[in-house]
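Structure first, then comments.
The values are calculated or read from the model by the stated rules, or taken from the named source; none is laboratory data. Computed from a predicted structure; not experimentally measured. Please note: Cβ atoms are built from the backbone with ideal geometry, for glycine as well, and neighbour counts cover all protein chains shown.
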Amino acid sequence: MSRVAIYPGSFDPMTHGHADIIRRGLVLFDRIIIAVALNIHKKPLFTLEERLAILEEEFGDLDRVVLDTFSETLLVDYAKRQGAVAILRGLRTESDFAYELQMTHMNRTLAPDVETVFLAASPNTTHISSSLIKEVARFGGDVSSAVPEHVARRLAARFSP
Ligand code: COA
C-alpha cells in the first residue's frame, strides 16, 4: 500500500525550511504531494506558475515528490481526493504550534480519517519564513543561507531596480 501525504502551503517562495520537511517526510511516506495553495489571505510575490517552477527545479529529480495546486476547496477534501493518509506540516516555534493545532483540530472535525503529521523543523531552519526572506531580499540582504541558489537569483532579479 502506498502511503501518500500532502504537504500544503503557499511556497512564496520555497525555502530550505520547506525542503527540510519534504526530504525528511520522504522517510515516512511513499509519496509526498506538494500542494501549492492559492491562499486568499496572502498577496504573493511569485505567480503560481513561478512557485511551481521553483519547486520543479528543486524536486523535479525526485519521483516520489509530486507537484500540484489547489484552490477554492478545503484541504481535507483535496487530501481525500488524492487518497492521502496524512497532511504533513513543519513546526518551527510555539506560535506555529498554536496555529497548527487549531487547524489540525478543525481538519480532524471535518475529516476524522485524515491525520496531520508534524515534523519539528531542523534547528538551522527555525528562523526562516517566506515573508522574512522577501523582506530581506527586497532591501538587498543576503538570503543564501535560507533559500537555494536558484531562488536567491529569482529574488534578486525580482527586486533589482
Ligand atoms: N520552514 C520554514 N518556513 C516554514 C516552514 C518550515 N518548516 N513551515 C512553514 N513555513 C512558513 C511559510 O514559508 C509561511 O511563511 P509566510 O507566512 O511568511 O509566507 C508560513 O510558514 C506558513 O505558511 P504556509 O505553510 O505556506 O501555510 P499557509 O498558512 O500559507 O497556508 C494552508 C496554510 C494552505 C495549509 C491553509 O490555509 C489551508 O488549508 N487552506 C485551504 C482551505 C482550508 O481547508 N481551510 C481550512 C483550514 S482548517
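Laid out as a table, the results:
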{"item": "Failed item, numbered, when Pro8 is tested on (1) within 10 Å of the ligand (Cβ to nearest atom); (2) over 30 Å from Ala157 (Cα atoms)", "result": "(2)"}
{"item": "Considering residues of the range 55-79 that are hydrophobic (A, V, I, L, M, F, W, C) and within 11 Å of the ligand (Cβ to nearest atom) only, the residue nearest to Arg153 (Cα to Cα)", "result": "Phe70"}
{"item": "Single match in Ala152, Ala146 (criterion: out of contact with any Pro (no Cβ under 9 Å at 6 or more places or on another chain), within 13 Å of the ligand (Cβ to nearest atom) and not in a strand (DSSP E or B))", "result": "Ala146"}
{"item": "Sole residue being of a type outside the set (D, E, K, R), within 15 Å of the chain's Cα centre (by Cα) and not in a loop (DSSP other than H, G, I, E, B), chosen from Thr104, Thr69", "result": "Thr69"}
{"item": "Hey, Ser130 out of contact with any Pro (no Cβ under 9 Å at 6 or more places or on another chain), among the polar types (S, T, N, Q) and either at pLDDT 95 or above or within 13 Å of the ligand (Cβ to nearest atom) (or both) or not", "result": "no"}
{"item": "Hits in the range 131-143 (condition: assigned to a helix (DSSP H, G or I) and surrounded by fewer than 18 Cβ atoms within 10 Å (Cβ to Cβ))", "result": "Ser131, Leu132, Glu135, Val136, Arg138"}
{"item": "Residue tally, condition more than 9 Å from the ligand (Cβ to nearest atom), on the phi < 0 side of the Ramachandran plot and touching a residue at least 60 places away in the same chain (Cβ under 8 Å), over the range 80-103", "result": "5"}
{"item": "Options Leu62, Leu101, Leu67, Leu110; residue that is aliphatic (A, V, I, L, M) and crowded, with 16+ Cβ neighbours inside 10 Å", "result": "Leu67"}
{"item": "The range 121-135 residues that are closer than 16 Å to Gly9 by Cα and among the aliphatic types (A, V, I, L, M), paired with ones that are near the ligand (Cβ under 8 Å from one of its atoms) and not in a loop (DSSP other than H, G, I, E, B) (beta carbon under 8 Å, 6 or more apart)", "result": "Ala121/Gly17; Ala121/Asp20; Ala121/Ile21; Ala121/Gly90; Ala121/Leu91; Ile128/His16; Ile128/Gly17"}
